[in-house]
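Trainee: One structure coming up, written as structure tokens, with questions to follow.
The values are calculated or read from the model by the stated rules, or taken from the named source; none is laboratory data. Since this is a predicted model, take the numbers as computed values, not measurements. Every residue, glycine among them, receives a Cβ derived from its backbone with ideal geometry; neighbour counts consider all protein chains shown. To get the accessible areas, we keep the full protein, side chains included, count just its heavy atoms, and leave off ligands, DNA and RNA. Shrake-Rupley method; radii C 1.70, N 1.55, O 1.52, S 1.80 Å.
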Amino acid sequence: MTLRIAVGFVLVALATLVTAATPATATSELAPLRAALTRQVTVLTEANAGAVKGLDGWYFLRQELAAYRHEQFWKNAPATTKPHNDNDPLATLVDFQQQLAKANIALIVVPVPGKVTLYPDQLQPPLPALPAGVRMDAAYAQFYTQLAQA
């Protein structure tokens, strides 16, 4: 059984998904970005705020910022890199796909990029710049690849 992924993004997001960074490079080169996101999330959590106001009236949700500070968040990820919820989204989606397949229904997953990946320049304080070719959402790209192969 194959899990099909249909990607429906605006052209900018599609270009972002196509140029994947290697996980080893992304891990070390994303460290300053992940540290900055962790600081932002900590400030928001301590203030009991659900979002931070960026430039020109943009708002970024705390949960979105928190999601991009993790490396691998599925399967056997080390406890230090997983979000607080221990449910494995890869296993959950594959199981759901298998249940649908029994009823001859195809599951189509449409990944939607986080606002912070498309408009990081609107966040204040600004996030550290990433080197060319390094993606903020490298873990998500890796996840979608594994999901498509499941």
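Trainee: Are any residues in the range 40-58 within 17 Å of residue 121 (Cα to Cα), open to solvent by 90 Å² or more (accessible area, probe 1.4 Å) and assigned to a helix (DSSP H, G or I), and if so, which ones?
Mentor: Hit for the range 40-58 is 56, nothing else.
Trainee: List the number of the failed condition for residue 61; all other conditions in (1) touching a strand residue (DSSP E or B) at 6+ places or on another chain (Cβ under 6 Å); (2) open to solvent by less than 40 Å² (accessible area, probe 1.4 Å); (3) aliphatic (A, V, I, L, M); (4) modelled with pLDDT of 90 or more hold.
Mentor: (2)
Trainee: Looking only at the range 94-110, how many residues end up being in a helix (DSSP H, G or I), touching a Leu at 6+ places or on another chain (Cβ under 6 Å) and within 18 Å of residue 144 (Cβ to Cβ)?
Mentor: Going through the range 94-110, the residues in a helix (DSSP H, G or I) turn out to be 94-102.
Now narrow it down to the ones that are touching a Leu at 6+ places or on another chain (Cβ under 6 Å): 97, 100.
Then keep just the ones that are within 18 Å of residue 144 (Cβ to Cβ); that gives 97.
Going through the range 94-110 one residue at a time, the tally reaches 1.
Trainee: Sticking with this structure for a sec: Report whether or not residue 70 is at pLDDT below 85 and surrounded by 16 or more Cβ atoms within 10 Å (Cβ to Cβ). Break it down into steps so the answer makes sense when it comes.
Mentor: Working: at pLDDT below 85: yes; surrounded by 16 or more Cβ atoms within 10 Å (Cβ to Cβ): yes.
So residue 70 fits the description; yes.
Trainee: Can you tell me how many residues within the range 97-150 are open to solvent by less than 30 Å² (accessible area, probe 1.4 Å) and on the phi > 0 side of the Ramachandran plot?
Mentor: Going through the range 97-150 one residue at a time, the tally reaches 0.
Trainee: Between residues in the range 54-71 that are touching a residue at least 24 places away in the same chain (Cβ under 8 Å) and residues that are basic (Lys, Arg) and open to solvent by 60 Å² or more (accessible area, probe 1.4 Å), which pairs lie under 7 Å by C-beta distance while being six or more apart or on different chains?
Mentor: That search, which allows pairs on different chains as well, returns 60/115; 64/115.
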